[in-house]
Amino acid sequence: MSNIVGLNRRAFIKSAGMTALAGAAGVVATGANSAAAQTSSSNSRMAGGKYDFDTPYNRVGTDCSRWDGPALRYPAGAFKYGMGVASMDFECAPCITEALTERVQHHNWGYLSTTEPLRDGIVKWNGERHGVDLDPSSIVISDGVYPGVIAALRSFVPVGNKVLITSPAYSGFYSMARAARIDTVDSQMRIVNGRYEFDWEDLEQKMTADVRALIVCNPQNPTGNVWTQEELLRIGRLALEHNIVVLADEIHSDVVRSKHKYVPFASLKDAAVVNNSVSFNAISKTFNLAAMKNAYYYSKSPTMLDRVNQFHRAEISTLGVVANTVAYQQGGEWFDQANAYMDESHNFVENYIKEHMPSVGYTRNEGTFMTFLDVSKVMAAVGAEEQYKEHGNATPEHYFQDWLVHNSGVYLNPGSDYGTGGEGHMRMNIASSRMVLKDVFDALAKAVNSV
Ligand SMILES: Cc1ncc(COP(=O)(O)O)c(C=O)c1O
């Protein structure tokens, strides 16, 4: 019964268009009127071979963590824009909706017999787009990057030992380590000429005997680095010298800006370095399929793969397999257009900050749809350090998160969740219509320029 009510509510909100978004999230978005005419039909969102990423797609009321999550935390009206959680706001590639619709016409949901077409899709996608030659039998399908990395940590890092993380880094790495009952050690990156770089000296110092795994996040969330071949080889060789296994998390591998190139760790021209690694990937960021619970990992070393497999069991779903398989097979054009759109959005963000928000520091993003903003000056101006404990916040950045919601309606992720070096920063997701981004930045600028 509750499902039916949920569906009706979604249908209502969809047909009400962005007016519902404005009401539910308290947004009066620029795109509201133009978007009100939108329907749920995919075809209406494509013209002249171009997908429409500009018209805001209403996600409010669909139990999505990006928009519906923060709304539960703040008094009605305070929260307006969900710019945190790493999911895209775009309507998904039409081929995905079509394939799912077709599968739903068959009314039986017993166990699935094969993932062969999915595996073929993974091989083809990685071969054609990224130049890495994968043996289908070396690919293990998983229900997320999380379960794969946790299995690897359990396998390679005995309880009480450590995984090394170059930070600021994805907050999930710290919870994966907790799930594996191991400790973490951060090697904080340095900003050199406006770009985050590994601190090689510090990194090597941190490679002590109790460090048994190193996470190489490429592209790096939240700093947006797309690591070069030289950087990957150097970090891979250092890890090998210190007997540390490399876990390459490449979930953002497709979301790379023009003039940058993602180099799969497994494609490096040093067999010993490659054989000392396991790679984790998915197209859940590429096609916004996070809730479809599908990912994979592989290693060129069968021994390493076996070790991870001992601790891994995937629970995948038929719909997830259908959605992911068709995305690999037919989604390429949609993604290329989405990626080009997000590249432009990064330019918009960079220019906006430079022109209108002089107190906010910006580091140029090379990949991912996240941006990591230096808000330390604004935090100092609003007294985040002095106030956070009194307000019951875990860190000054969490205080600032609340401050931003109350003063601009914009919800961002606190930098302190991303390890050492995240202080004074907030993470922002830019995978939205630029109409929404413009409203978000106008609201942010008004708030931060007023202190
Ligand atoms: C670097 C990185 N790894 C892993 C994940 C989570 O992956 P999954 O949802 O497949 O477990 C995310 C999600 O944002 C991420 O950014």
Could you check, for the stretch 97-114, whether at least one of its residues is more than 27 Å from Met46 (Cα to Cα) and within 16 Å of the ligand (Cβ to nearest atom)? no
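If you go through the stretch 287-299 one residue at a time, do you hit one that is in contact with a Cys (Cβ under 7 Å, 6 or more places away or on another chain) and touching a residue at least 12 places away in the same chain (Cβ under 8 Å)? Write out each step before concluding.
Taking the stretch 287-299 as the starting set, the residues that turn out to be in contact with a Cys (Cβ under 7 Å, 6 or more places away or on another chain) are 287-288.
Those left that are additionally touching a residue at least 12 places away in the same chain (Cβ under 8 Å): 287-288.
Yes, the conditions are met somewhere in the stretch 287-299.
Residue check: is Ile235 more than 21 Å from the chain's Cα centre (by Cα), away from the ligand (no atom under 15 Å from the Cβ), in contact (Cβ under 8 Å) with a residue 24 or more places away in the chain and surrounded by 17 or more Cβ atoms within 10 Å (Cβ to Cβ)? So that I can check it myself, show each step before the final result.
Working: more than 21 Å from the chain's Cα centre (by Cα): yes; away from the ligand (no atom under 15 Å from the Cβ): yes; in contact (Cβ under 8 Å) with a residue 24 or more places away in the chain: yes; surrounded by 17 or more Cβ atoms within 10 Å (Cβ to Cβ): yes.
The answer is yes for Ile235.
If you check Val211, Val216, Val245, which single one turns out to be under 17 Å from the mean Cα position of the chain (by Cα) and either small (Gly, Ala, Ser) or buried (at least 17 other Cβ atoms within 10 Å of the Cβ) (or both)? Let's see the steps before the verdict.
Values: Val211 fails: under 17 Å from the mean Cα position of the chain (by Cα); Val245 fails: under 17 Å from the mean Cα position of the chain (by Cα).
Only one candidate qualifies: Val216.
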Would you kindly identify the helices (runs of 4 or more DSSP H) lying entirely within the stretch 316-388 that contain at least 3 residues that are touching a residue at least 60 places away in the same chain (Cβ under 8 Å) and β-branched (Val, Ile, Thr)? 318-330
Sort out which residues of the stretch 265-298 are within 16 Å of the ligand (Cβ to nearest atom) and part of a loop (DSSP other than H, G, I, E, B), and write them in order of number. Ala282, Ile283, Ser284, Lys285, Thr286, Phe287, Asn288, Leu289, Lys293, Asn294
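Among the candidates Ser416, Ser450, Ser408, Ser433, single out the residue that is more than 15 Å from Arg73 (Cα to Cα) and touching a Lys or Arg at 6+ places or on another chain (Cβ under 7 Å). First the steps, then the outcome.
Details: Ser416 fails: touching a Lys or Arg at 6+ places or on another chain (Cβ under 7 Å); Ser450 fails: touching a Lys or Arg at 6+ places or on another chain (Cβ under 7 Å); Ser433 fails: touching a Lys or Arg at 6+ places or on another chain (Cβ under 7 Å).
Answer to the selection: Ser408.
So which residues in the stretch 167-193 are in contact with a Leu (Cβ under 7 Å, 6 or more places away or on another chain) and more than 12 Å from the ligand (Cβ to nearest atom)?
Within the stretch 167-193, the subset in contact with a Leu (Cβ under 7 Å, 6 or more places away or on another chain) is 176-177, 180, 182, 185, 187.
Result: Ala177, Ala180, Ile182, Val185, Ser187.
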Any chance Ala381 is within 25 Å of Arg257 (Cβ to Cβ) and among the aliphatic types (A, V, I, L, M): no
Considering the stretch 46-56 alone, what residues qualify as being modelled with pLDDT of 95 or more and in a loop (DSSP other than H, G, I, E, B)? Asp52, Phe53, Asp54, Thr55, Pro56
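Being within 16 Å of the ligand (Cβ to nearest atom) and under 30 Å from Asp202 (Cα atoms) is the requirement here; does Val159 meet it?
On the way: within 16 Å of the ligand (Cβ to nearest atom): no; under 30 Å from Asp202 (Cα atoms): yes.
It is false that Val159 is within 16 Å of the ligand (Cβ to nearest atom) and under 30 Å from Asp202 (Cα atoms).
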Cβ pairs under 9 Å, 6+ apart or interchain, first in the stretch 134-149 and within 12 Å of Ile316 (Cα to Cα) and modelled with pLDDT of 95 or more, second acidic (Asp, Glu) and within 16 Å of the ligand (Cβ to nearest atom), ordered by first then second residue, are Asp143/Glu315; Pro147/Glu315
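Condition check ((1) surrounded by 23 or more Cβ atoms within 10 Å (Cβ to Cβ); (2) out of contact with any helix residue (DSSP H, G or I) (no Cβ under 8 Å at 6 or more places or on another chain)) across all residues:
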| residue | (1), (2) |
| --- | --- |
| Asp343 | no, yes |
| His356 | no, no |
| Gly361 | no, no |
| Asn365 | yes, no |
| Lys377 | no, yes |
| Gln387 | no, no |
| His391 | no, no |
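The values are calculated or read from the model by the stated rules, or taken from the named source; none is laboratory data. Not measured: the values here are computed from a predicted model. When we count neighbours, we look across all protein chains shown, and the Cβ atoms used for this are built from the backbone with ideal geometry, even at glycine.
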